[in-house]
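Chemist: I am attaching a structure below and will ask some questions about it afterwards.
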Amino acid sequence: MIFFSALAGIFLDMSLYMIIGMTLAGLLHEFLKNETVAKHLGQKSRFAPIKAALFGVPLPVCSCGVMPAALFLQNSGASVSAVMAFLISAPQTGIDSFIATFGMMGAAFAAFRPLAAFVSGAAGGAVVQALAGDVKSAGDLERDCGCGGGHCGCEEEHERTGIADRIKRIAKYAYIDFIDDISVHFVIGLLAAAAVTAAFPARFFESLNVGSGIAGMLIMLVVGLPMYVCSVSSIPVAVSLMAKGFSPGAAFVFLFAGPATNAASVSVIIKRFGKKTAAVYLAVTAVFAVLFGLLFDGFLALSGITVNVSGHIYGIESAAPLEIAAAAVFSALLIRSLAVKLKKRVAMRKERRRY
């Protein structure tokens, strides 16, 4: 019973913010074209990592979708340092996850996520620039690393036509293409969050003295680094972990490390850029995840700001009509996406059996 109550409560709270974030993602996708990004990043300069990190922060791409986008940048002449800065910053946050983080976890979390993404991306690019230098391509980046929808950041460019066509493209990307990218992992994140809520009593990890400080952050780092979790689906998991006794800083480490890396993306980076660059990528992610976790806990202590997430776990009874309506719409979008994915998988299995 606790599992389903938590699942419903988190879903109700997130749905409205997800729809707003998806709409903004559609607008960003329509008006920020690949040519614009390439114009600013498709050149080798010492400021390229800073620009790349800055460009990566608002983009709504997952840690798989960022790979083809990075390939486009390198093919446009961007340095390896700029590409690595983009790879580190882009999957950590985006306009969609910013809105959802603000709604679920408050302004402090929402502000720290893009800040951490930018600083770590710029720093990672600078380290690669200093240590690894430019690396020639070692083959095409692999596309198949966990994105189900196939719209992760390297679509064909659109012709600029009328307003009606723009609205159609915005709606298609926001409510079909984008949600196809995140639907499976979003549901997995919700289920994981509800499972954590049901399995452990309140403040459980705090009572074991592992929920805060370096210990809690290292646990979150070990959990987050190999996982495939997008910046949005990491939010309900972090909310549940905090409700069970992990400090905001430890939860922030998970929000940082989970989306920034996964086992598949690391293997692709090794193939494309080499082991040295991949080591820098992992080291920068780990160091800055813990560093910003410590900074976040320190900031909250000094400022007196408190982060209360318990209402998002057990807030079903107090749901507003707008939240219920948003949950109904978002449910329909999720169900459509999951049904399409299931249909494709069944068709693929039937095709394989023929051979």
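Chemist: Search region 91-105 for residues that are touching a residue at least 40 places away in the same chain (Cβ under 8 Å) and farther than 14 Å from Met18 by Cβ and pair each with any residue that is of a type in the set (Ser, Thr, Tyr) and surrounded by 24 or more Cβ atoms within 10 Å (Cβ to Cβ) when their beta-carbon atoms are under 7 Å apart and the residues are at least 6 apart or on different chains.
Modeler: Filtered contacts from region 91-105: Pro91/Ser63; Pro91/Ser231; Gln92/Ser231; Thr93/Ser231.
Chemist: Right, next: Test Val119 against the criterion of being surrounded by 18 or more Cβ atoms within 10 Å (Cβ to Cβ) and at pLDDT 75 or above, and give yes or no.
Modeler: no
Chemist: Right, here's the next one. Return yes when Gly224 is within 17 Å of Ala193 (Cβ to Cβ) and surrounded by 18 or more Cβ atoms within 10 Å (Cβ to Cβ) and no when it is not.
Modeler: Numbers: within 17 Å of Ala193 (Cβ to Cβ): yes; surrounded by 18 or more Cβ atoms within 10 Å (Cβ to Cβ): yes.
Criteria met by Gly224.
Chemist: What pairs come out if I take residues in region 215-230 that are without any contact (Cβ under 8 Å) to a residue 40 or more places away in the chain and pair them with residues that are in a loop (DSSP other than H, G, I, E, B) and among the small types (Gly, Ala, Ser) whose C-beta lies under 8 Å away, six or more apart or interchain?
Modeler: Final answer for the pair search is Gly216/Ser247.
Chemist: Separate question: How about region 239-284: which of its residues are assigned to a helix (DSSP H, G or I), more than 20 Å from Leu71 (Cα to Cα) and modelled with pLDDT of 90 or more? First the steps, then the outcome.
Modeler: We begin by selecting, within region 239-284, every residue assigned to a helix (DSSP H, G or I); these are 239-243, 248-260, 263-273, 275-284.
After this cut, where a residue has to be more than 20 Å from Leu71 (Cα to Cα) as well, the list is 239-243, 248-258, 283-284.
Within region 239-284, Pro248, Gly249, Ala250, Ala251, Phe252, Val253, Phe254, Leu255, Phe256, Ala257, Ala283, Val284 meet the criteria.
Chemist: May I ask you to verify whether Ile188 is surrounded by fewer than 18 Cβ atoms within 10 Å (Cβ to Cβ) and within 16 Å of the chain's Cα centre (by Cα)? Let's see the steps before the verdict.
Modeler: Working: surrounded by fewer than 18 Cβ atoms within 10 Å (Cβ to Cβ): yes; within 16 Å of the chain's Cα centre (by Cα): yes.
Spelling it out, Ile188 is indeed surrounded by fewer than 18 Cβ atoms within 10 Å (Cβ to Cβ) and within 16 Å of the chain's Cα centre (by Cα).
Chemist: Another question about this same structure. If I filter region 301-323 for residues that are of a type in the set (A, V, I, L, M, F, W, C), assigned to a helix (DSSP H, G or I), out of contact with any strand residue (DSSP E or B) (no Cβ under 7 Å at 6 or more places or on another chain) and modelled with pLDDT under 90, do I get at least one hit? Quick ask: steps written out before the conclusion?
Modeler: So in region 301-323, the residues of a type in the set (A, V, I, L, M, F, W, C) come out as 301-302, 305, 307, 309, 313, 316, 319-320, 322.
Pick out the ones that are also assigned to a helix (DSSP H, G or I) and you get 301-302, 322.
Narrowing further to those that are out of contact with any strand residue (DSSP E or B) (no Cβ under 7 Å at 6 or more places or on another chain): 301-302, 322.
Still in the running and modelled with pLDDT under 90: 322.
So far as region 301-323 goes, yes, one or more of its residues are of a type in the set (A, V, I, L, M, F, W, C), assigned to a helix (DSSP H, G or I), out of contact with any strand residue (DSSP E or B) (no Cβ under 7 Å at 6 or more places or on another chain) and modelled with pLDDT under 90.
Chemist: Taking only region 197-224 into account, find how many residues are of a type outside the set (S, T, N, Q) and within 23 Å of Ala110 (Cβ to Cβ). Let's see the steps before the verdict.
Modeler: First, the residues of region 197-224 that are of a type outside the set (S, T, N, Q): 198-206, 208, 210-211, 213-224.
Among the residues that remain, those that are also within 23 Å of Ala110 (Cβ to Cβ) are: 211, 216-217, 220-221, 223-224.
Of the residues in region 197-224, 7 are of a type outside the set (S, T, N, Q) and within 23 Å of Ala110 (Cβ to Cβ).
Chemist: A follow-up question, please. Do we find that Gly274 is touching a residue at least 40 places away in the same chain (Cβ under 8 Å), more than 15 Å from the chain's Cα centre (by Cα) and at positive phi in this structure?
Modeler: Values: touching a residue at least 40 places away in the same chain (Cβ under 8 Å): yes; more than 15 Å from the chain's Cα centre (by Cα): yes; at positive phi: yes.
When the stated conditions are applied, Gly274 passes them.
The values are calculated or read from the model by the stated rules, or taken from the named source; none is laboratory data. On a predicted model such as this, the values are computed, not experimentally measured, just so you know. Cβ: placed from backbone, ideal geometry, glycine included. Neighbour counts: every protein chain shown.
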